[in-house]
Structure formats: C-alpha cells, structure tokens
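As structure tokens, the structure follows; a few thoughts come after it.
The values are calculated or read from the model by the stated rules, or taken from the named source; none is laboratory data. Not measured: the values here are computed from a predicted model. Counting neighbours? That spans all protein chains shown, and the Cβs are built from the backbone with ideal geometry, glycine included. In case anyone asks, the SASA skips ligands and DNA or RNA and just uses the protein heavy atoms, side chains included. Shrake-Rupley method; radii C 1.70, N 1.55, O 1.52, S 1.80 Å.
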Amino acid sequence: MAQSKTALITGITGQDGSYLAELLLAKGYRVVGMTRRTSTDVHERIQHIFEDIEFVSGDLLDQTSMTGIIYSIKPDEVYNLAAQSFVPTSWNQPVLTGEFTALGVTRVLEAIRAVNPKIRFYQASSSEMFGKVQAVPQNEDTPFYPRSPYGVAKVYGHWITVNYRESYDMFACSGILFNHESERRGKEFVTRKISDGAARIKLGLQKELSLGNLDAQRDWGFAGDYVRAMWLMLQQDAPDDYVVATGRTHTVREFCRIAFEAAGLGSYEQYVKMDPRFMRPAEVDLLIGDPGKAKKKLGWEPEVSFEQLVEMMVQADIERLRPLAGV
C-alpha cells in the first residue's frame, strides 16, 4: 500500500479544522493538528475523531516553534486555518489579530521555505477582505477594501501567500471563502446565535433573541462543503487562488425566518429584537461570491442548500439543548 500523505492543520479545533480533519482521515491521510498550549479551545468539535489525530503544541506567534514543527512532522500539505477569526473581537484586539491572522501566515510560510519549499500550503483567506465591495458579485480579480482589523489582517495573509508563491516558486494557495456555517460554528457568530436562540425559545429556555442588523446580507454555505474545496486546491497541477461561495445571498432576516419555522415557532418577528449593541462600527456591504473558477477548475460544487443548512443547525441545537430543558 502506498505511503499515505501527512497533513498539518493549524486551527484544528475550530469549525473548519474539524470538518477538514474528518475529510482527510477518510482519504487515508495521517492528520496532525497544531494546538496552542495556552489555548482554552475545547476539543468538542473533534472529540469523535480525537483518537485518530496526532497533536503537536505550537504557536503562530513563535517562528522557532513553527519551524520546529514543520521539520519534525515533515508534512506533505499544510492547511493554515488558525486565526483570530471573530470580526467584532478584531476591533477590541486589533494588534493581536494582526499578529495571528497576518504575521502568523508569514511565520508558517517561512518555516516551510526553510525546511522544504515543496510542501503544499493552503491559506484560509476570507470574503471579509472585500469589505466595502467594489463589484457585485466578487471574484478572484475584485479589489479588496477591508472594513475591519480582521479583514485587513486577512488581506496581508493573502498577499504574503501570493508573494511566497511567486518569489520562491512554492505551491501556496489561498481559498477566499465566503461565510460558511454548521452546527459546529461558534455561538458568537450570528448564524449560530440564531439557531441556538430558536432552539432555546422552542424548548422554553429563553423568551426572545437580540440581534444587530437584520438586513445585512451574506453568501452562506455549509462548512463541510467548503473544506472539500481546500483539499481540491492542493491536488491541482499548479497553485492558484479561488473564491469559494454559493453565489446566492440571504439576509439575516431570512435566516431568522427559516430557523424559527424549522423550530416550529411560526413567525420570528414576535421573538427577535433589534439591539444597537450588536451593530458593527463599519458594516460590510453586499458580500456575494462568484464561485465560477472553483466550479470549472476544481470541479467543486456545494451540496447542502441554504435552507438545508439552517434546518440542520436548528435541529442540532434542539437536540443538544433537550437535556437542559428536561425534554
């Protein structure tokens, strides 16, 4: 039997890391996950595959630790999914966000270049880089105009990946992923806040749900579909950057409507309250991706629809909360 590939995933305890680890294990990879020793990250998202993953302790803020990890693990592929990834937090911690989300990328690339420039590298870029959008829909050629410290840091991470690819002939790709959700999404994100809120209201655990801008529009897909695109990028003959999106946009209001209906609560309007505390200092406009290149070159297609995604998230939260409600 051929020797299986080794993949190193930073940010393995996050939503995307858990789905990517599942995918790679199913493909026979040796999967190594990097975690920070100081991290309070719980392993609940990867509990079901915990025994199948090797773990190493490392830190994106520390060049020596990154180089040491690449040297000792000798990965064929590195997926850099670690970041300070919550946009509102990036306003409160802009410098730390820059250290992790921007300079952290350079440290991983520098470690790969020093140890073995043939290692294939995936960088998690973000639709937040488009921010104040310069064109609708956004594709790989749309100019960036980030509207948060997180978006700015992601632009740096994106361009440093391009620079290492072009300067050192490295196989380095960026996936410009639009919003992708699942029942493993952190509860600070609006989609999970809605599915969790609808489930709690359904089970009598709370009465109402406070949200910010209900008219904000996003291109939302399923995280499990999006990690497949990451893997496909590193299997190509040549490295490139790709927008990964559904090409459809929905408002927060629409997400609420489907979620509350899925919970059997009828109209969301009697439960959802607008709260100015949840408004962003600078809101991004209409984020909608054009995944044409990914579909054509990678043969990638999203399999879970928006409606299925919302229903799946609500049902998972209802099941999770049942014991709390004594139901």
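List of remarks:
- Residue in segment 294-311 that is farthest from Pro137 (Cα to Cα), counting only those that are more than 18 Å from the chain's Cα centre (by Cα) and open to solvent by 50 Å² or more (accessible area, probe 1.4 Å): Glu311
- Elements of the type helices (runs of 4 or more DSSP H) sitting completely within segment 82-172 and holding at least 1 residues that are closer than 17 Å to Gly289 by Cα: these cover 149-168.
- Gln235 meets the conditions (1) without any contact (Cβ under 8 Å) to a residue 60 or more places away in the chain; (2) more than 17 Å from Lys193 (Cα to Cα); (3) crowded, with 17+ Cβ neighbours inside 10 Å in every case but one. The failed one is (3).
- Boolean, Leu265 is within 24 Å of Thr142 (Cα to Cα) and in contact (Cβ under 8 Å) with a residue 12 or more places away in the chain: no
- Filter result for Asp141 (surrounded by fewer than 23 Cβ atoms within 10 Å (Cβ to Cβ) and at positive phi): no
- Within segment 201-224, the set of residues being surrounded by fewer than 20 Cβ atoms within 10 Å (Cβ to Cβ), more than 23 Å from the chain's Cα centre (by Cα) and either modelled with pLDDT under 95 or not polar (S, T, N, Q) (or both) comprises Leu203, Gly204, Leu205, Lys207, Glu208.
- In segment 120-129, the condition of being open to solvent by 50 Å² or more (accessible area, probe 1.4 Å), more than 20 Å from the chain's Cα centre (by Cα) and at pLDDT 95 or above is met by no residue.
- Considering (1) buried (at least 17 other Cβ atoms within 10 Å of the Cβ); (2) modelled with pLDDT under 95, the lone condition that Phe260 does not fulfil carries the number (2).
- The residues on offer are Ala245, Ala325, and the sole one that is open to solvent by less than 50 Å² (accessible area, probe 1.4 Å) and under 19 Å from the mean Cα position of the chain (by Cα) is Ala245.
- Annotation: of all residues in segment 1-17 being β-branched (Val, Ile, Thr) and modelled with pLDDT of 95 or more, the one that is farthest from the chain's Cα centre (by Cα) is Thr6.
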